[in-house]
Amino acid sequence: MIDRETIDRIYAAANIVDIVGDYVTLKRVGSNYKACCPFHNEKTPSFIVSPAKGVFKCFGCGKGGNAVTFVMEHEGVSYPEALKMVAKRYGIEVREKEQTEEDLRRHDDRESMFAINSWAADYFADVLHNQTEGISVGMSYFRQSRGMSDATIRKFGLGFCPSHDNQMTAAALKAGYKEQYLVATGLSLKSDRDGSLFDRFRDRVMFPIHNISGRVVGFGGRTLRTDKKVAKYQNSPESEIYSKKHELYGLYFAKKAIQQQEFAILVEGYTDVISMHQAGVENVVASSGTSLTVEQIRLLSRFTRNITVIYDGDSAGIHASLRGIDMILKEGLNVRVVLLPEPEDPDSFARSHTTEELHAYIRDNEQDFLEFKARLLLQDAAGDPIKKAALIGDMVQSVAQIPDSIQRAVYIKECARTMDVDERILVSEVARKRLATTGDREADDFLRRQSAQQHDPAPRPEEPAAVDYVSHVEAGSNIETLERELVKYLLKYGHQSFDYKEGRNMVPCNVAEVIFSELENDGIVFRNPLYAKIMETYRRQWVERGTGVEVPMHFFLNHEDPEVCNLSVDLLTADDNYVPSQLWKRKDIHTESEEEMLAVGVPKAVTLYKSKVVEEIIKKLTAQLPTLPEEEALEVLQKIAGYNRVRATIAKKLERAIL
């Protein structure tokens with residue numbers, strides 16, 4: 001763990017213009033620098049670097065942060081790794097907190113395993129390029145059978161493991177690598193008969209597997225034999241440095257293209273990825289023959305929210321893989337599907353088409369995943385009502401995974417149209433599924449209302465129609481929006497004062513004091529952990545420095561939590577792209593001063609936030625009533641009455657009636 005003193009030295013030395021300038025061409029505009037954003041395609045520059053603030057911000061895609069988080073985003077590395085990369089650039093020695101003997105041993109073991117994997121990758125590549133067996137067997141396969149160029153073979157570090165039982169193992173031992181790490185990485189296996197070592201991957205073409213920062217964590221080996229008793233692929237076992245469910249083949253080579261093109265293509269195997277890259281389509285990754293995992297999806301979501309899955313034209317596994325793609329929906333990502341013409345797979349299709357043809361085919365043939373799934377299953381149902389009922393259940397299962405309520409509403413409407421089913425039925429089924437799987441409170445409320453309506457069919461004005469369950473913004477998001485607004489006031493204006501009108505008197509107030517005192521008086525704590533962390537950081541500095549003293553922004557822009565850094569940049573630059581029109585000045589129209597804005601905005605934001613918190617408490621208590629014994633129910637009703645009085649007081653402050 002890197003100590004705080006070292007982190008501060010790194011931030012002090014880091015020149016954001018120099019660091020960002022290593023990746024993009026910056027053009028000076030006034031006191032700032034401008035460029036086309038490296039994280040998405042754009043023709044008009046909207047990416048700004050502010051040397052004075054030490055931050056970057058793209059007003060196109062919304063990404064922002066400091067020098068270290070820029071390296072994190074661009075290189076796809078962790079926060080500590082980004083710190084070390086910046087430190088290396090400025091010659092800063094990275095001091096880490098003292099580790100236990102167990103920590104040191106584990107670190108040394110991991111580094112030894114990385115070292116031997118790196119050596120093995122070089123060894124396999126050398127055999128492929130320079131030894132007779134490698135050239136005649138391995139190189140022939142890559143060049144003739146797969147049509148790979150030498151440049152592509154070198155780019156992906158492809159190789160060949162000799163057919164002799166222990167040739168690689170003997171070479172590794174001779175080079176000074178220890179037996180325990182050969183076994184731990186799975187490069188070598190130990191004989192049960194006499195304890196001797198032999199090569200796991202003998203007589204196979206080799207595909208090194210790189211992690212997100214480019215280090216070799218494992219290997220995939222493909223046999224070229226036709227003997228069906230021999231497994232076609234042999235992979236490295238799970239180890240301290242390799243977990244199959246956490247890695248995506250090709251991500252290290254694809255991450256920049258994924259960010260620029262704003263979507264990732266998901267295929268099945270090593271050669272699919274390599275052939276697509278060679279054809280000029282580089283935003284491609286593979287799950288490496290394993291079923292897609294949540295960890296792989298979350299890894300990919302660091303670079304994009306959009307995934308296009310390419311299926312083989314004659315793939316028998318499409319139905320089986322549909323369940324896996326539901327996990328992508330559950331993580332809030334957007335999924336589209338491309339079906340190749342039979343009998344093509346991504347490897348063969350890429351080898352027989354130009355870059356332009358590939359891009360055009362994907363663009364013209366991609367379908368929304370749920371639309372694709374509905375049509376596929378409808379073909380199977382073929383007018384059979386029992387099969388169609390099962391199909392509806394299958395579609396409900398997928399739609400229920402989607403966390404965003406508005407997106408669910410859109411999909412339900414589309415599914416109802418495609419499958420010729422009453423939309424209200426789908427709404428009810430999705431609500432039941434979400435209640436069963438996620439405990440969704442909104443789903444629970446909707447089902448209660450629906451049950452009440454079945455006993456009292458006359459519609460009640462205060463009850464929304466059934467479809468409102470999926471079409472309105474969820475209550476929590478309103479609270480989060482207000483928390484964001486309060487944090488923004490705190491960061492930008494916390495030290496400033498304004499006069500607040502209380503009756504006939506003008507009362508002097510401080511922004512931070514108003515926010516902290518109002519929330520503390522009612523024991524309210526922010527729900528969003530990032531907003532809460534910023535509040536706590538500001539509070540500590542505010543108490544130490546005293547009311548009215550400005551808290552330096554570096555406490556937030558250089559915070560040890562990179563998510564706090566990025567959020568702070570986002571909040572502090574939220575209005576930087578707004579320039580008041582000269583029209584107002586020419587026509588002598590009064591524009592609101594900063595103090596006037598604070599006098600209205602801060603009290604209103606605090607009051608609205610407290611109102612939303614009270615409303616949610618009332619909602620929770622009301623939901624408990626049907627399940628409580630009579631005495632407890634009376635106590636809860638008294639609490640609800642008290643909160644309603646509070647809500648009425650808040651409503652008066654906002655000078656509006658409770659609806």
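The values are calculated or read from the model by the stated rules, or taken from the named source; none is laboratory data. Keep in mind the model is a prediction, meaning the values are calculated, not measured. With ideal geometry, Cβ positions are generated from the backbone for all residues, glycine too; neighbour counts draw on all protein chains shown. The area values use the complete protein model at the heavy-atom level, side chains included, leaving out ligands, DNA and RNA. Shrake-Rupley method; radii C 1.70, N 1.55, O 1.52, S 1.80 Å.
So here's what we get for this one:
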quantity: Dipole magnitude of the range 516-556 about its Cα centre (Cβ charges: Lys, Arg +1; Asp, Glu -1), debye to nearest 20; calculated: 180
quantity: Linear extension gain, GLU563 paired with HIS359, 0.36 nm per residue minus alpha-carbon span; calculated: 70.0 nm
quantity: The range 36-97: relative contact order as a whole-number percent, Cα under 8 Å and 6+ apart; calculated: 18
quantity: Candidate aspartates and glutamates for bridging to LYS244, where Cα separation is under 16 Å - those fewer than 8 sequence places away on the same chain excluded; calculated: GLU268, GLU295
quantity: Shape category assigned to the range 1-144 from the gyration tensor of Cα positions, a/c cut at 1.5; calculated: oblate
quantity: If the convex hull is drawn through the Cα atoms of the chain, its volume per residue in Å³; calculated: 254
quantity: Accessible-area ranking of PHE156, PHE555, largest first, probe 1.4 Å; calculated: PHE555, PHE156
quantity: Most to least accessible of ARG408, ARG363, ARG89, ARG200 (protein chains only, probe 1.4 Å); calculated: ARG363, ARG89, ARG200, ARG408
quantity: DSSP H segments from the chain that extend 20 Å or more along their own axis, Cα-based, with Kyte-Doolittle mean of 0.0 or above; calculated: 385-399, 594-624
quantity: Solvent-accessible area of HIS107 with every protein chain in place, 1.4 Å probe, in Å² to the nearest 10; calculated: 90
quantity: Cα lying deepest toward the dipole's positive end in the chain, options ILE135, HIS353, CYS509, charges on Cβ; calculated: HIS353
quantity: Given charges at Cβ of Lys, Arg, Asp, Glu: the chain dipole, positive-most of SER398, SER145, SER46; calculated: SER46
quantity: Subset of LYS57/LYS245; LYS57/LYS255; LYS256/LYS413; LYS57/LYS488 violating a 28 Å alpha-carbon distance limit; calculated: LYS57/LYS245; LYS256/LYS413
quantity: Computed magnitude of the charge dipole of the chain (debye, nearest 20; Cβ of K, R +1, Cβ of D, E -1); calculated: 760
quantity: Nitroxide proxy distance, nm - points 7 Å out along Cα→Cβ at ARG215 and THR622; calculated: 5.5
quantity: The chain, accessible surface, carbon-and-sulfur percent (1.4 angstrom probe); calculated: 50
quantity: Residue-level accessible surface for VAL525, protein heavy atoms, 1.4 Å, Å²; calculated: 110
quantity: Lys/Arg +1, Asp/Glu -1 at C-beta; the chain dipole; positive extreme among ALA264, TYR242, GLY64; calculated: GLY64
quantity: Surface accessible to a 1.4 Å probe, per residue, for the residues of the chain, Å²; calculated: 51
quantity: Orphan Cys of the chain, criterion: no other Cys C-beta under 4.7 Å; calculated: CYS36, CYS61, CYS161, CYS415, CYS509, CYS565
quantity: Value of relative contact order over the range 498-570, rounded to a whole percent, pairs C-alpha under 8 Å and six or more apart; calculated: 20
quantity: Two-decimal log10 I(q)/I(0) for the range 94-181, as the Debye equation yields it once each C-alpha is a single scatterer, q = 0.17, 0.21, 0.22, 0.26 Å⁻¹; calculated: -0.77, -0.98, -1.04, -1.24
quantity: Rounded FRET efficiency, nearest 0.05, which uses the C-beta distance separating ALA231 from ARG106 and R0 of 30 Å; calculated: 0.45
quantity: Simple spin-label estimate for ALA13 and ARG193 in nanometres, 7 Å along Cα-Cβ; calculated: 5.7
quantity: Rounded if a/c under 1.5, otherwise prolate or oblate - the range 156-214, Cα gyration tensor axes; calculated: prolate
quantity: Considering only the chain, percent of DSSP beta bridges that pair antiparallel, nearest 5; calculated: 75
quantity: Mean Cα-pair separation over length for the chain, i.e. relative contact order, pairs under 8 Å, 6 or more apart, %; calculated: 9
quantity: Count of lysine pairs in the range 64-193 with Cα separation under 29 Å (8 or more residues apart, or interchain); calculated: 10
quantity: Modelled label reach - MET506, point 7 Å along Cα→Cβ, the range 598-615 residues with backbone N closer than 20 Å; calculated: 598-604
